[in-house]
C-alpha cells in the first residue's frame, strides 16, 4: 500500500463526509481527492517526474492537505517546511533537494522568492503578497494550476519503499537535514498509532500543531485513515478561536505540546474545562509532560485519556502510553514499545542494558528511515546493527516502560522544536563586540513549561554590548523559536579544558540568574 | 497615550521594529507574534498597567487594537472590572 491510498480509499468509503476544515474552507473526502488529483495532474503537466521533490511552504490549512496529497498522487516527494522558515534555510533545502517546484502561501513566497533561482517554478496558494512578486520567477495561482490537466493519479512505478516525504530537522551542525520517509515507514507508524489510540470514524481532531512536522501530520493521516475529520489552525496564537473551535467542531481529540497545554492550564483553564468537555483523548508530545501538568489536566478534564509517546522524525512514534490508564506511577514514563517497533537501551560498549540501567535509547523496526536525503552516510553513525541510536538517555523498567533521563546531544527542545545551540552561537559570535557566546536550554524561564533558549555573551574588553541590537540581529537571522528568550552578559563562560562549552554548568548558572516560575 | 505605550510594549516584547507595528497587527500575522509571544505580551501589558485580565477577556485579545481597548476598559473602571 502507498500513502496516497489513504485518500483514494477514503473517498470511496467516506466520500461525502467532512475530511478537513480550516477557518475559511473545508473539503469532504471526495472533494479532497478530486482537488489533490487535479494538483497531481498540474504537477505532471508542469514537468514533474516520479520521485521529483516539491517543496511546500504552507501554513496549516486545507490548501496544505490538498497540496501534500497532490504531490504524493503525482508520484512526487513532498518536502513540507514550516511557513515561517528563514530564507537561508529555505534556500539550502530547495537547493539540497533539487526541487524544481515550490508551492507556497503568498506571504512566504514573497519573502523567499529573492533567494530562489529562476529554475524553481513557484505556485502560489492562498493569501495576497505584501508587495508585487518579482518577475524573474514564474508564478501561478493554485486554482489556475488545478485546471492545467485532467485530474488523475500517477502512481505507476511508486513502491512502498519509495520515499514519500522528506522531513527536515535541525542537524547536529545546525544545518537542516532531511529525513527520508518511505510510504512503508509512514504507514507502519500509522498502523501502530491507530491501534493504540483507537481512532474511529466518529473522531474529530483540532490540530494546531504544524502539519509540516511529523507530529501534526501524523494526526491528519490517522483521522483520514479512519474516516474522522480534522479542523486545522496555526498554533495557539489566537487561543480564543482554537478553544471555540474545539467546542464548535465537536472535537474528540486535541493533540498538543507540554508548552501549549501548560499555557492553557496556566491562563485559560476555566475555558478549556468548558469547551473541552467532549474531548476523548489528548496526545501530548515533543517534550516531557511534567507530572503536575498531567494531574492538573486530568482533574480539569476527568474524561480525557491523556497519552504521551516517545519518537524521533527518523523513527516516528516508538513508544506510547496512556497516562490516564497507567496512573501516577507512570507519569514520568513515555510508555512501552509500540506495535512493530522495538525499543532497547544500549551501553557504551554496545551491550544491551538490563532493566533499570541507564544508557542510550535505541529503536528498531519498519518505521526507521532509510537515511537522510543525499546523505545515507550521515545516518550510519546512528544506525548500527539495525538499531537507530537516538542520542537520548533513559532506562526501561521491569515492565518495559521507558523513562528518559537526558540527552547525549547538545540539542535544546523548545516546545517540540529542536534547536542546535551552535547555530545561535554562530550568529552571536558574528556580532562585533562579542568575545564569546554560549547557548543553553533553561527550564522555568519566561513562565513557560519546558526549556527556553537562553544565550550568554561575553563582551570584548572595553566594549559595552547593545543587547537590543543583538536581539534584533537574532530575530533577523534565526527562526522565531531559535531566538533566545533571554540574553545574559557573563564575565566568562564555563568551558572544558578542550574549550567546549559546558552546557549543563552554563544552564545552571543562567537558571540561577533568571527569575523562574514553576511550570503549570 | 495608551496607544503609544502598547506600541512600545509590543515592539519590546515581540522584538519587532516600530515600522512593523500597525493598529490592526494581530497574533499570528508575523512570526514573532506566536503563542509564546502572545502570552509574554499579555503578561508585559498586565505588569505595566498593574492589571490582570479576566480569562474571558484575555481570550478575546487578538490584535494591538484589542489590547488598547482592553487596557482602556480595565484602567477606566479599576482592576478587574465588574
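Nothing in this text is a laboratory measurement; each read-out follows from the coordinates by a stated rule. On a predicted model such as this, the values are computed, not experimentally measured, just so you know. Virtual Cβ from ideal backbone geometry, glycine too; neighbours counted across all protein chains shown.
Assuming a ≥ b ≥ c are the square roots of the Cα gyration tensor eigenvalues, decide whether the stretch A:174-282 counts as rounded (a/c under 1.5), prolate (otherwise, with a/b larger than b/c) or oblate. Taking the square roots of the gyration eigenvalues as a ≥ b ≥ c, the stretch A:174-282 is oblate. With neighbours defined as other Cβ atoms within 10 Å of a residue's Cβ, the residues A:1, A:167 order from fewest to most as A:1, A:167. Each of A:78, A:23, A:485 has some number of other Cβ atoms within 10 Å of its Cβ, and from fewest to most they run A:23, A:485, A:78. Work out, step by step, the length gained on full extension between residue A:340 and residue A:303: first 0.36 nm times the residue separation, then minus their alpha carbon distance; give nm to one decimal. Separation in residues times 0.36 nm, less the Cα-Cα distance, equals 10.4 nm. Using a Gaussian network model of chain B in which every pair of alpha carbons under 10 angstrom is joined by a spring, one finds that among B:68, B:45, B:55 the greatest mean-square fluctuation is at B:55. Decide, for the stretch A:1-102, between rounded, prolate and oblate: order the square roots of the alpha carbon gyration tensor eigenvalues as a ≥ b ≥ c, take rounded if a/c falls under 1.5, and otherwise choose prolate if a/b is larger than b/c, else oblate. Because a/c hits 1.5 or more and a/b fails to exceed b/c, the stretch A:1-102 counts as oblate. Neighbour counting of Cβ atoms within 10 Å sorts the residues B:43, B:1, fewest neighbours leading, into B:1, B:43.
Estimated purely from DSSP H runs of n ≥ 4, each contributing -39500 (n - 2.57), the mean residue ellipticity at 222 nm for chain B is -17000 deg cm²/dmol once divided by its residues.
Summarising the strand pairing of chain A, around 60 percent of its internal DSSP beta bridges are antiparallel.
The distance between label points at residue A:50 and residue A:152 comes to 1.5 nm (points 7 Å beyond Cα on the Cα→Cβ vector).
Taken over the Cα atoms of the protein assembly as shown, the convex hull encloses 156 Å³ per residue.
With both labels modelled 7 Å from their Cα along Cα-to-Cβ, the residue A:202 to residue A:26 distance reads 1.9 nm.
Rounded to the nearest whole Å³, what is the per residue volume of the convex hull around the Cα atoms of chain B?
It is 79 Å³ per residue.
Classify the stretch A:88-170 as rounded, prolate or oblate, taking a ≥ b ≥ c as the square roots of the eigenvalues of its Cα gyration tensor: rounded when a/c is under 1.5, otherwise prolate if a/b is larger than b/c and oblate if not. Oblate.
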